[in-house]
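Following: one structure in structure tokens, then a few remarks.
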Amino acid sequence: MPFPIESVRSSYPALDDGYAYLDGAAGTQTPQPVIDAISAAYRTGIGNVGGAFPASDRSGAIVAACRAAVADLVGGHPDGVLLGPNMTTMTYRLARAVAGPGDEVVVSRLDHDSNVRPWTQTGATVRWAEVDPVTGELPVEQYADLIGPRTRLVAVTAASNVLGTRPDVAAIAELAHRAGALMYVDGVHATPHGPVDMRALGADFYATSAYKWSGPHIGAVVADPALLETLRPDKLAPSPDTVPERFETGTAAFADLAGVTAAVDHLAAMVPGMVPGTGTRRERLLASMAAAEQHELALFAVLIEGLETMAHVTVYGKPARRTATAYFNVAGHTPRQVAEHLAGLGVNVWNGHNYAWELAGALGIRDSGGAVRAGLVHYNDRSDVDRLLDGVARLG
Ligand SMILES: Cc1ncc(COP(=O)(O)O)c(C=O)c1O
């Protein structure tokens, strides 16, 4: 059964503006059910949680539903779902609770800086996993030397936000766990591009951001509730000391959390034949995201081959397992000029290091403006790819 691209696209009102949205890696567009869920929460009336009136109860129900939805998306436990403004803020918060002076942490040069700096700034001793700058791979073997008895935590991405590389996280986790270390997996780029099973990855913590998978600007970190019970984050004196609440500072964005649940339901309903109500939501998500991944990778084969055959284009990395994300430069043009040229043709792409700060350094392009990133998500179609390739070809 082919991926129902037309019906998927029709649920995203923003796509009607005629642009080819190849900027999804920096944030996706939002489908109508998510927009409706957010406005319904405000229309119906919501209050802060813990009050004696129905609007307060509604917010409590929104939070509970959101934890259940995110748990279904990543294969975690609802009581271990921590919700907050974005992944970066939550990772800083957790890093302070997990590691400190006297510990060792292992970070990688493949990662977005939000899974690097929060760990290097804890005061722990830092060990670096290196990237192969030609292939864009993160070799697993190096972790045997990097992880030792004092390793508290290994932070690694499930997918690079520029090269798309999917490292062998499960193999790294096995080494980490054998040494008694924890695994913090950045799933922000990986989550929208295929089925996620955080237990199979060996993730003690799995971080994700809803705005990368059709939801509002909300971040989540998922962990085993029993592990969270062992951690004492900074918190206000009167705020709840329970898990998961003690990890969540301040008042939540309740209406947005309703949008997160709607986004998960939307993803679960994309596949033909898997209408809501057939199978569990987790089962529907796995099927739907597998179909989305197939759709993206089929289109990506055209995109990457097109770029690689242009003599004036340099494509970075050639990882064996990847998301549909391309990172490239065009001879004679800065990345910004390429992005501006493409914007003029109605094609949205990103330029720069995209916060893959260490990686841009390892590739030797950090000081020269980085590169151009074009990424596919499930709502992109063949015409988006053709417009990108045509636009880049014109610069030759
Ligand atoms: C791979 C990756 N990790 C982490 C982040 C940071 O996420 P947030 O914006 O939710 O802090 C991003 C954002 O682009 C990302 O692409």
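The values are calculated or read from the model by the stated rules, or taken from the named source; none is laboratory data. Everything numeric here is computed off the predicted structure, so don't read it as measured data. Cβ coordinates were reconstructed from backbone atoms using ideal geometry, including for glycine residues, and neighbour counts include every protein chain displayed. Ligands, DNA and RNA are excluded from the accessible area calculation, which covers all protein heavy atoms including side chains. Shrake-Rupley method; radii C 1.70, N 1.55, O 1.52, S 1.80 Å.
Which of rounded, prolate, oblate describes segment 70-139, given a ≥ b ≥ c as roots of the alpha-carbon gyration tensor eigenvalues and a/c under 1.5 marking rounded, otherwise prolate only if a/b is larger than b/c? Before the final figure, lay out each step's value.
Values: a/c = 2.26, a/b = 1.28, b/c = 1.77.
Oblate.
If you take the alpha carbon atoms of segment 200-329 and fit the smallest convex hull around them, that volume is 172 Å³ per residue.
Taking every Cα-Cα distance in segment 1-118 and sorting them into 5 Å bins from zero, the calculated P(r) comes out as 2, 8, 10, 14, 17, 16, 14, 10, 6, 3, 1 percent.
How would His217, His378 line up by accessible area, probe 1.4 Å, largest first?
Values: His217 130, His378 5 Å².
Result, largest first: His217, His378.
In whole Å and largest first, what semi-axes does the C-alpha gyration tensor of the chain yield when each eigenvalue is scaled by 5 and square-rooted?
Working: eigenvalues 212, 161, 64 Å².
The answer is 33, 28, 18 Å, longest axis first.
Computed over protein heavy atoms with a 1.4 angstrom probe, the accessible surface ordering of Tyr316, Tyr19, Tyr206, Tyr42, largest first, is Tyr42, Tyr19, Tyr316, Tyr206. Sparse packing (at most 12 other Cβ atoms within 10 Å of the Cβ) combined with a DSSP loop state is found for the following trypsin sites (Lys or Arg not before Pro) in segment 223-327: Arg321. Only helices enter the 222 nm calculation for the chain: every DSSP H run of n ≥ 4 contributes -39,500 (n - 2.57), and dividing by all residues gives -11500 deg cm²/dmol, rounded to 500. If you take the square roots of the eigenvalues of the alpha-carbon gyration tensor of segment 204-265 and sort them as a ≥ b ≥ c, do you get rounded (a/c under 1.5), prolate (a/b over b/c) or oblate? Oblate. Over all Cα atoms in segment 252-394, the spread is summed up by Rg and Dmax: 17.9, 54 Å.
What ratio of Cα Rg to 2.2 N^0.38 Å holds for segment 94-235? Each step should come with its number before you reach the end.
Working: Rg = 14.3 Å, N = 142, 2.2 N^0.38 = 14.5 Å.
Against the empirical 2.2 N^0.38 Å value, I get 0.99 for segment 94-235.
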